[in-house]
Amino acid sequence: MKTLSTLLVVGALLAVLGAKAEVEAPPATAVAAVADADALFTAARTGDLPTVKKLVAGGVPIDAANRYGSTALALAASNGRVEVVRFLLDSGADADRVDSFYGVRPLEQALMGKH
């Protein structure tokens with residue numbers, strides 16, 4: 001499945017090279033899935049446990065990652081959101097996943113944030 005950012009980059013490259021870029025729009029379900037994952041990241045980062053629970057129960061992948069490879073668990077840990085961290089771990093979130101920005105696991109992100 002093509003992502004929106006990939007399609008936009010391809011379209012921009014074709015336009016720069018002088019080719020006609022016919023870029024198909026991503027399916028509405030893909031756009032909704034990205035929005036749901038973003039909502040999960042925001043809720044985890046801010047400590048909004050009821051929203052985290054609702055999104056996970058609604059099918060948002062618990063280990064969805066942003067463009068830097070950070071998951072909801074990593075964002076909650078780096079911001080000291082203990083209740084959210086506990087819920088995500090109890091729900092099966094991957095505590096060993098390494099992000100692509102800092103190259104660290106959620107526990108190390110919590111330590112970097114002095115939590």
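Go through (1) over 17 Å from Asp38 (Cβ atoms); (2) open to solvent by less than 40 Å² (accessible area, probe 1.4 Å) one by one and return the number of the condition Ala57 breaks.
Just one mismatch for Ala57, condition (2).
What's the number of the condition Ala93 fails, among (1) at pLDDT below 95; (2) part of a loop (DSSP other than H, G, I, E, B); (3) open to solvent by less than 80 Å² (accessible area, probe 1.4 Å)?
So Ala93 meets the others, but not (1).
For the stretch 36-81, enumerate the residues that are polar (S, T, N, Q), over 23 Å from Leu111 (Cβ atoms) and free of Cβ contacts under 8 Å to residues at least 12 places away in the same chain.
none
Taking Val31, is it surrounded by fewer than 18 Cβ atoms within 10 Å (Cβ to Cβ), modelled with pLDDT of 90 or more and either out of contact with any Pro (no Cβ under 9 Å at 6 or more places or on another chain) or not small (Gly, Ala, Ser) (or both)?
No: the conditions fail for Val31.
Restricting to the stretch 80-90, name every residue that is surrounded by fewer than 18 Cβ atoms within 10 Å (Cβ to Cβ) and not aliphatic (A, V, I, L, M).
Listed by number, the residues that qualify are Gly80, Glu83, Arg86, Asp90.
Quick one: which residue in Ala74, Ala37 is open to solvent by less than 10 Å² (accessible area, probe 1.4 Å), within 23 Å of Asp96 (Cβ to Cβ) and in a helix (DSSP H, G or I)?
Matching residue, one of Ala74, Ala37: Ala74.
Being open to solvent by 30 Å² or more (accessible area, probe 1.4 Å) and at pLDDT 95 or above: is that true of Gly47 here?
yes
Any residue that is open to solvent by 40 Å² or more (accessible area, probe 1.4 Å), in contact with a helix residue (DSSP H, G or I) (Cβ under 6 Å, 6 or more places away or on another chain) and either modelled with pLDDT under 95 or not in a helix (DSSP H, G or I) (or both) - is there at least one of those in the stretch 100-109?
no
The values are calculated or read from the model by the stated rules, or taken from the named source; none is laboratory data. Note that the structure is predicted; figures quoted are calculated from it, not measured. FYI the Cβ positions are ideal-geometry reconstructions off the backbone, even for glycines, and counts take in every protein chain you see. Each accessible area value is taken on the protein alone, full model and side chains, heavy atoms only, with ligands, DNA and RNA left out. Shrake-Rupley method; radii C 1.70, N 1.55, O 1.52, S 1.80 Å.
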